[in-house]
Amino acid sequence: MSKKWKGIDPRRMRMIDRRTFLKLSATTGASALLAAKYGLGRRAFAVPAAPGLSDPALQPKFVELAPNALDPGFLFKDLNVNGGPAQKPNFSLRIRETVQQTGLIDPKNGRRLKTKVWGYGADTVSWPGQTFQVMSTSAGGADETVVRWANELQGKKHLLPVDTNLHWCYSLHGASSANGVDYRQFSIKKNGVPIITHLHGGNSDFQFDGNPEFFYSPDGEVKGPQWDFVEGGFTNTFRYNNAVPAGNLWYHDHALGITRLNVYAGLAGFYFVRDEFDTGLPGNPLGLPAFPYELAYAIQDRMFTDKGELFYPAFPGDPFYDDFITGEGAILPPDLFPGGGPTALAEFFGDHM
Ligand SMILES: [Cu+2]
């Protein structure tokens, strides 16, 4: 770190950012004024992608401070602080539904909207999940980080429309079911939403790697077929190898056929490995910035209804449906897709960030 950086007060950093932000939002404001002058409604510049959806042009921008995922207050607390052999999990986490304010407002009255999301957390859950920070064995860390992932999604309904005609958790049967179980006997309505967490970039044993066929329903009642081939059977306590160099990893859901929906609902977060070079601390041998100058942001795109609920296209009339279904000449058998959905679309681009 150069002297120059050391001298800057973190609060001033934030101010600089703010000023830049204000400048940017002033530009947006100017175009709105121009529009008013020439009698163009703001609608002339953007419209919601479909009726009933939130119009991003009517949302205030650069108002909320984007949280830094490396803020010490946002790190998960390691339950075995001294890196000692992890008999208990280092991190005991749950996957649950919660309600969050994302910064969205109701343009009609300026009131904040609330959004139902799914998140990871120790006591309370959040989207994105809090950040892991673990030490590589090369820097004296334990051999493994042990994480318990408790599926506590209690609703018997997904937040988003699920295409159950896909190759997914509860459609495995016949040759596609490795353990011979017919998973069509299960449903979200009866058994809840299955999950399985993948540590992206991790060096993990197969049973802890978040393979989609290792899914499990709330409380592990329904287990994916691959658990039958694991010595000792199913567990929701996973072990991650710490004999890896420093890096920016992330964790996210990976359940068969509903990964896009579970992640969209909020199931993702950061996982940093530190080592003797990238220590994450000031004065590290690589001269990398440390908190508050080292920042971690996940940029994600979403769509919302005008009530603030997450929206994901799946039915005729929804954004991208024409591009990937009608326009491609796809024919969805009406007995399987009453009303033309819900179906999975090949691509999606949200209009809110
Ligand atoms: Cu991944």
Practice item. Please find, within region 51-94, the residue that is modelled with the lowest pLDDT out of those that are basic (Lys, Arg) and farther than 30 Å from Pro107 by Cβ. Key: Lys88
**Study point:** Leading residue by the ranking (farthest from Lys77 (Cα to Cα)) among those in region 135-179 that are modelled with pLDDT of 95 or more and acidic (Asp, Glu)
**Key:** Asp163
Check your understanding: Pick from Asp71, Asp123: which is without any contact (Cβ under 8 Å) to a residue 24 or more places away in the chain, out of contact with any Gly (no Cβ under 8 Å at 6 or more places or on another chain) and loosely packed, with under 15 Cβ neighbours inside 10 Å?
Key -> Asp123
Practice item. Enumerate the pairs (first residue in region 198-215 and free of Cβ contacts under 8 Å to residues at least 40 places away in the same chain; second residue anywhere and within 14 Å of the ligand (Cβ to nearest atom) and part of a loop (DSSP other than H, G, I, E, B)) with beta-carbon separation below 6 Å, excluding pairs fewer than 6 apart on the same chain, so at least 6 apart or on different chains. Key: Phe214/Ile196
Review point. Just checking, how many residues over region 199-215 are surrounded by fewer than 23 Cβ atoms within 10 Å (Cβ to Cβ) and either outside any loop (DSSP other than H, G, I, E, B) or within 11 Å of the ligand (Cβ to nearest atom) (or both)?
Key: 9
Exercise for review: Just name the residue that is surrounded by the most Cβ atoms within 10 Å (Cβ to Cβ) out of those in region 306-317 that are part of a loop (DSSP other than H, G, I, E, B) and either at positive phi or touching a strand residue (DSSP E or B) at 6+ places or on another chain (Cβ under 8 Å) (or both).
Suggested key: Pro313
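What tally of residues in region 238-255 results from selecting those that are away from the ligand (no atom under 13 Å from the Cβ) and over 15 Å from Arg148 (Cα atoms)?
6
Residues in region 320-335: is at least one assigned to a loop (DSSP other than H, G, I, E, B), under 23 Å from Pro67 (Cα atoms) and either of a type outside the set (Phe, Trp, Tyr) or without any contact (Cβ under 8 Å) to a residue 12 or more places away in the chain (or both)?
Checking region 320-335: not a single residue is assigned to a loop (DSSP other than H, G, I, E, B), under 23 Å from Pro67 (Cα atoms) and either of a type outside the set (Phe, Trp, Tyr) or without any contact (Cβ under 8 Å) to a residue 12 or more places away in the chain (or both).
The values are calculated or read from the model by the stated rules, or taken from the named source; none is laboratory data. Just so it is clear, the model here is predicted, and its values are computed rather than measured. As a convention, Cβ positions derive from the backbone with ideal geometry for all residues, glycine included, and neighbour counts pool all protein chains shown.
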